[in-house]
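Reading through the structure tokens given below for one structure.
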Amino acid sequence: MSPQPLHDDLAELIAIRRDLHAYPELGLEEIRTSDLVARQLSEMGHRVERGLARIGLVATLSHRSSRKSIGILDRPG
């Protein structure tokens, strides 16, 4: 399966954002959020690795043959 661009379905992304805000979690306890993000990225065809700390994940987002990459680190305040 070829990964789909993140912007293909804006309505779905908005629904995901609303879902996340409907079930807030305390910092470093975002288990449901981590599960949802991993599932959505995996369903979009991206490779997801779990098991970093308790809630961390790494996703490899790719588009066609592009070799560009970006890293995002979210850490407590």
Fully extended contour minus Cα-Cα distance, from Ile14 to Ser66, at 0.36 nm per residue: 16.1 nm
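In what order do Ile55, Ile14, Ile70 fall by count of nearby beta-carbon atoms within 10 Å, going from fewest to most? Spell out each step's value before the answer.
Working: Ile55 19, Ile14 10, Ile70 5.
Final ranking by Cβ density, sparse to dense: Ile70, Ile14, Ile55.
Throw me the Rg/Rh for segment 6-60, computed over C-alpha atoms with Kirkwood Rh, two decimals. Intermediate results must be reported in sequence, preceding the final value.
Numbers: Rg = 11.6 Å, Rh = 11.9 Å.
So for segment 6-60, dividing Rg by the Kirkwood Rh gives 0.98.
Which order do His46, His21, His63 fall in if you start with the one that has the fewest other Cβ atoms within 10 Å? Please report the intermediate quantities before stating the final value.
On the way: His46 18, His21 8, His63 12.
Ordered from fewest to most neighbouring Cβ atoms within 10 Å, His46, His21, His63 come out as His21, His63, His46.
Read the figures in this text as sums done on the coordinates, not as results from a lab. Note that the structure is predicted; figures quoted are calculated from it, not measured. Virtual Cβ from ideal backbone geometry, glycine too; neighbours counted across all protein chains shown.
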